[in-house]
Every structure is written in C-alpha cells, then in structure tokens.
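K.L.:
This is the structure I want to talk about, given as structure tokens.
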Amino acid sequence: MRLKWWHGVLVLTFLLVLLSPLASSWPDGLERVAEDYGFAEKAADSPYQFIPDYVVPGVRSDALATILAGMIGTLILFGIGYGLARLLRSKNEA
C-alpha cells in the first residue's frame with residue numbers, strides 16, 4: 001500500500017488529539033467576547049449533542065475523555081469525508 005497525503009494528515013490529527021488535554025482551559029475568543037459583553041447566557045443549546053463538552057460517558061479521567069471524544073469526532077468526520085470522496089470519484093469515473 002502506498003502512503004498518500006491524507007494518511008499523514010490523519011496521523012497528525014491523532015497526535016494533536018493526544019495533546020488536546022494540554023490545551024488552555026480558558027474560553028475561546030467567541031466565548032470570551034460573549035462573557036465580556038454579557039450575552040453568553042442568551043445562547044441557545046444545540047438541538048443535539050453527540051459528545052457534550054468533550055466528555056465521554058463512563059470515563060472518569062477528564063484527559064482520557066477529551067482524547068476519546070477527539071478521536072471519535074475525527075473518525076466520524078474522516079469517515080464522512082472519505083465516503084463522500086469515494087462516492088464523487090465513482091460518479092465521475094462512470
């Protein structure tokens with residue numbers, strides 16, 4: 001099997017997911033502005049939450065839960081993107 005560019009991207013993404021628990025716990029820019037200007041409490045919750053707040057149910061370690069949530073999200077998005085690419089590729093070849 002020959003390695004392609006997206007193999008490297010996938011490996012890099014998983015490495016970054018492993019480092020994600022080391023990221024800053026401070027709110028991101030949008031959250032910070034919402035807090036500073038007092039409209040954070042007016043935000044509506046998402047109609048669905050697959051992994052709310054990056055916490056996997058049943059995992060006691062916050063760092064491990066964050067890593068698992070990142071890996072699950074990466075695999076889901078990769079699967080969707082790969083599936084769409086294969087579908088479009090087969091459609092163009094036909």
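Each reported figure results from applying straightforward, stated rules to the coordinates on display, with no laboratory input. Everything numeric here is computed off the predicted structure, so don't read it as measured data. When we count neighbours, we look across all protein chains shown, and the Cβ atoms used for this are built from the backbone with ideal geometry, even at glycine.
K.L.:
If GLY8 meets every condition in (1) surrounded by 10 or more Cβ atoms within 10 Å (Cβ to Cβ); (2) part of a loop (DSSP other than H, G, I, E, B) apart from one, which number is that one?
P.N.:
If we test GLY8 against (1) surrounded by 10 or more Cβ atoms within 10 Å (Cβ to Cβ); (2) part of a loop (DSSP other than H, G, I, E, B), just (2) comes out false.
Here's the yes/no breakdown for (1) under 19 Å from the mean Cα position of the chain (by Cα); (2) surrounded by 12 or more Cβ atoms within 10 Å (Cβ to Cβ); (3) assigned to a loop (DSSP other than H, G, I, E, B); (4) among the aliphatic types (A, V, I, L, M):
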{"position": "VAL33", "(1), (2), (3), (4)": "no, yes, no, yes"}
{"position": "GLY38", "(1), (2), (3), (4)": "no, no, yes, no"}
{"position": "PRO47", "(1), (2), (3), (4)": "yes, no, yes, no"}
{"position": "PRO57", "(1), (2), (3), (4)": "yes, no, yes, no"}
{"position": "ALA63", "(1), (2), (3), (4)": "yes, yes, no, yes"}
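K.L.:
Six or more apart or on different chains, Cβ under 6 Å: which pairs go from a residue in the range 18-43 that's under 27 Å from ILE67 (Cβ atoms) to one that's among the hydroxyl-bearing types (Ser, Thr, Tyr)? Could you list them?
P.N.:
Pairs that qualify, where the first residue is under 27 Å from ILE67 (Cβ atoms) and the partner is among the hydroxyl-bearing types (Ser, Thr, Tyr), are SER20/THR66; PRO21/THR66.
K.L.:
Still on this structure, I have one more. Please state which one of ARG2, ARG86 is surrounded by 10 or more Cβ atoms within 10 Å (Cβ to Cβ), basic (Lys, Arg) and over 20 Å from the mean Cα position of the chain (by Cα).
P.N.:
After ruling out the rest, the residue left standing is ARG86.
K.L.:
Determine if the range 78-92 includes at least one residue that is basic (Lys, Arg), over 23 Å from VAL11 (Cα atoms) and assigned to a helix (DSSP H, G or I).
P.N.:
Yes, the range 78-92 has at least one match.
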